[in-house]
Amino acid sequence: MIKNIVFDIGNVLVSFQPEKYLKTIFSDEKLKEQIYQLIFKQEEWVELDKGTLLLEQARQSYIKKRPELTDYINRVIDGLFEKLLTPIPENIALMKELKIQGYGIYLLSNYHLEAFDYINNKFKLTEHTDGKVISAHVQLLKPDYAIYHYLLKKNSLIPEETLFIDDTLKNIEAAGELGIQGIHYLDHKSLISELDKREITISN
């Protein structure tokens, strides 16, 4: 029987679509791809998630690598939180309803320190949860087993009574190897269907 439901944040509760964001800034496809690879696909992004680097440090590292792109890098970084991180209202509402129904609600996400502070202040996610494990706070990343063990131990959760919702399949698979049930998130409608299969019924 499921007693606890754990939500990923990125693309489950808060949209994260960097390529769409960059399209609002750059019309030149080649330039857009250069910036995408530089900012979102380098080691700095992993270090931000892991909490071993802050955004301003990452900015300077990007500029050092590609000084000729400084103005573009600054433009992307300056709008990063406000333009890139937007709520997924139907899923936040779902999380709130499940909390009201009596489920333990938790967050487990790979997220930057400053980005998490921004979304939590703006969208009040932790007001509706019983606990959280954010990668940058603990310097562990999904799908490392250690972060799941940390979640379970910190919150005294039993794996078989815990359901994890994440948009990345490898994260679900890693959790499953520890006995945590999982739903690979695709969209809101399919999530409701998957919850219903587990006799977790949503009233609205």
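The values are calculated or read from the model by the stated rules, or taken from the named source; none is laboratory data. For clarity, every value in this text was computed on a predicted model and none was experimentally measured. When we count neighbours, we look across all protein chains shown, and the Cβ atoms used for this are built from the backbone with ideal geometry, even at glycine.
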Filter result for the condition that a residue is under 17 Å from the mean Cα position of the chain (by Cα) and of a type outside the set (V, I, T), over L94, L98, L69
L94
Tell me, please, whether a residue that is at pLDDT 95 or above, buried (at least 21 other Cβ atoms within 10 Å of the Cβ) and under 19 Å from P87 (Cα atoms) can be found in the range 138-158.
no
Given the criterion hydrophobic (A, V, I, L, M, F, W, C), outside any helix (DSSP H, G or I) and at pLDDT 95 or above, identify the matching residue among L53, L48, L69.
L53
What pairs come up if the first residue lies in the range 5-17 and is at negative phi and assigned to a strand (DSSP E or B), the second is of a type in the set (D, E) and surrounded by fewer than 24 Cβ atoms within 10 Å (Cβ to Cβ), and their beta carbons are under 8 Å apart, counting only those six or more places apart or on different chains?
G10/D167
Residues I77, I105: which one is part of a helix (DSSP H, G or I) and either surrounded by fewer than 16 Cβ atoms within 10 Å (Cβ to Cβ) or modelled with pLDDT of 95 or more (or both)?
I77
Would you be able to tell me the number of residues in the range 108-117 that are in contact with a helix residue (DSSP H, G or I) (Cβ under 8 Å, 6 or more places away or on another chain) and surrounded by fewer than 20 Cβ atoms within 10 Å (Cβ to Cβ)?
2
